[in-house]
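Below you'll find the structure, written out as structure tokens, and then a few comments.
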2 protein chains.
Amino acid sequence: MEHTTAQHPDDLAQRLADSGLRNTPQRELVYKGILARRDHPTAEEVFARAKAEMPTISLATVYNCLETLIDCRLVRAVHFERAPTRYCPNLVPHAHFHDSKTGATHDIDLPDELLSALKKLLPAGYTADAIDITYHGRCAGEEKPENLKTQN
Amino acid sequence: MEHTTAQHPDDLAQRLADSGLRNTPQRELVYKGILARRDHPTAEEVFARAKAEMPTISLATVYNCLETLIDCRLVRAVHFERAPTRYCPNLVPHAHFHDSKTGATHDIDLPDELLSALKKLLPAGYTADAIDITYHGRCAGEEKPENLKTQN
DNA sequence: TGCTTCTCTGGAATCATTCTAAGTTTAGGT
DNA sequence: ACCTAAACTTAGAATGATTCCAGAGAAGCA
């Protein structure tokens, strides 16, 4: 459970340096693509955003960069069933609400009490490093958005 | 959130009939394979168990039967990251603890209070049909089991 | 019995992701 | 400045779980 909040492109260089990694244009671009909108993009979507600025960037590089960002704890991977992995720059512990109609994803903040209540459910000897929580349902007033290029 | 408890091979015929589906040897076998052990097998593992009794059964059929069992609410699909889907005959609302060393999976019962506390976190207008909760961590006293054919 | 529908099956197809091998860049040491 | 090793990027091949497909089998019922 990591509470650090970065959220800013400038933090990237620092975090990379801390991990003994290099700051590259590709990594900046990928991070920027995730930070640009809080819409939990897939690798393909990040790829598309990056490509707009650097047409030569490859999908493999996007995957590599995403992996790096996760290692640096600047980004979290989010999974819904076996759908393509989504990437999230919100580092505060939170759950995800997944709208089954529109496919939109919303962050839900988790109070500390709730997290510790969850941990209390574990039998003796069990240690949780992380708890993933996903709500599946519908949120009113959110019809399928006209422009869903980056949604779903 | 479905609370019905079936857990017995005999319930299969009834549930299938209720859904207007046929009871077939393959469906019985697949269900039996999941009920046999509470070890959250993958489709491949269920396939292996079924094949032992019916060598002609195909993997596609196992996938079909699993889908059917899920539709009948006799089985739940469980996902850990993008690893192969696992299948679970425990229908009582519960979370999963995933041991990151051994890969073993344990059910964790969820008190109703906790589920309603979780639902209270949702903004107005959000309705959750289901909440998936997964713990990632280690449980003491469980070294990598000697025989891990069906684990991990 | 014959037809229609539901199932099963093997193999091909899909698709996100990872791997590979080769080319490029970079930080340091000289 | 120059060289080298290590870190990066890239395109394309490979992987692997799952789904699709088209044909063959059973089962219910008119």
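Within the bounds of the range B:119-130, is there any residue that is at pLDDT 95 or above, at the interface with chain A (Cβ under 8 Å from one of its Cβ atoms), over 18 Å from B:V92 (Cα atoms) and not in a loop (DSSP other than H, G, I, E, B)? The answer is yes; a qualifying residue exists. Here A:R27 fulfils each of the conditions (1) without any contact (Cβ under 8 Å) to a residue 12 or more places away in the chain; (2) in contact with a Cys (Cβ under 8 Å, 6 or more places away or on another chain); (3) not small (G, A, S) apart from (1). Applying the set (1) within 12 Å of DNA strand C (Cβ to nearest atom); (2) open to solvent by 30 Å² or more (accessible area, probe 1.4 Å) to B:A52 leaves exactly one unmet item: (1). Of the residues B:R73, B:R86, the single one that is among the basic types (K, R), in contact with a Phe, Trp or Tyr (Cβ under 9 Å, 6 or more places away or on another chain), closer than 25 Å to B:R27 by Cβ and more than 7 Å from chain A (Cβ to nearest Cβ) is B:R86. The listed residues are A:Y31, A:Y87, and the only one of them that is in a strand (DSSP E or B) and surrounded by 14 or more Cβ atoms within 10 Å (Cβ to Cβ) turns out to be A:Y87.
The values are calculated or read from the model by the stated rules, or taken from the named source; none is laboratory data. Since the model is a prediction, treat every value here as computed from it, not as a measurement. So basically every Cβ, Gly included, is an ideal-geometry build from the backbone, and we count neighbours across all protein chains shown. Note: accessible area is taken over every heavy atom of the protein model, side chains too, but ligands, DNA and RNA are not part of it. Shrake-Rupley method; radii C 1.70, N 1.55, O 1.52, S 1.80 Å.
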